[in-house]
Every structure is written in structure tokens, then in C-alpha cells.
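Trainee: First the structure, then my questions, so here it is.
Coordinate-derived values only; no laboratory data. Note that this is a predicted model, so its numbers are computed, not measured. Cβ sites come from the backbone with ideal geometry, for glycine too, and all protein chains shown count toward neighbours.
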Amino acid sequence: MAGPVAKVARVSGALVIAAVLGATMADRRGLGLGLLAFVVYGLIFGVAALSFSRLRQWSARHVLLDSLVFVPLVFFALLLIPALPWWGAALIALGAGMIFVPVAVRRRS
């Protein structure tokens, strides 16, 4: 088990990565989407940095919710394509989620 200093270092690193991703998104798509990217990535990375084993246990108990995390991650990845409008990225992410989530839930159940 890691000490408190290691845990603080992991959480700090996770928040720095989320901040860089949020700043990149804000530069490309505006402050609103940048803040949303920071929140999404900060929550995911922060929870994983705090206790990865508990995150894995939660993931095993909540298969559907865990699979649904795929949709915002695809949305933000698609926003990095400059020519694609945000609503196009949202529609593609939702469509990908409609295909991926049932397959992932079926495989893990």
C-alpha cells in the first residue's frame, strides 16, 4: 500500500494531465468545452489515481455505467479534428456508443 505522499503525487499528476487536456481543448474549441474536458478527464484520472483497485471493483459491479464512459471519451477525441463541428462529434460519439456499449456489456456479463 502506498503512502500518502505517493497518493498525492499520483492525484497531482492526474490533475496536471487533465489540465493539459482541458487547456488543449479550450485552445481548439473554446473555454466551455475545455472546462468540460478537464472535468471529465479529471474525474476519470483522479479516481484511478486514488484507488485503481477500487475503480476496477466498481467497474466490475457497474458494467453498463463503466461502458458508457466510452461515449464522452470518443466525443472529446473527435473534437480534436478541426473540421468536425461539435454537434457532428456528438452525433458520431452517440452512434459509436450505441454500437460499443451493448457489445461491451454483453461481453462482460
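Trainee: Output ³J(HN,Hα) for segment 18-35: one whole-Hz value per residue in order, computed from phi by the Karplus curve 6.51 cos²θ - 1.76 cosθ + 1.60 with θ = phi - 60°, and x for Gly and Pro.
Mentor: 5, 5, 5, 5, x, 5, 4, 5, 5, 5, 8, 10, x, 5, x, 5, x, 5
Trainee: In square nanometres and to one decimal, what's the mean projected area of the convex hull around the Cα atoms of the chain? List each step's numbers first, then the result.
Mentor: Numbers: hull surface 29.7 nm².
For the chain, averaging the hull's shadow over all directions gives 7.4 nm².
Trainee: What value, in deg cm²/dmol to 500, does the helix sum -39500 (n - 2.57) over DSSP H runs of n ≥ 4 give at 222 nm once divided by the residues of the chain?
Mentor: Rounded to the nearest 500, the figure is -29000 deg cm²/dmol.
Trainee: Separate question: Roughly how big is the chain's charge dipole about its Cα centre, with Cβ charges of +1 (Lys, Arg) and -1 (Asp, Glu), in debye to the nearest 20?
Mentor: With only Lys, Arg, Asp and Glu charged at Cβ, the dipole is about 400 debye.
Trainee: For segment 62-109, what's the relative contact order in percent, using C-alpha pairs closer than 8 Å and at least 6 residues apart?
Mentor: Taking the mean separation of contacting Cα pairs over the length of segment 62-109, I get 51 percent.
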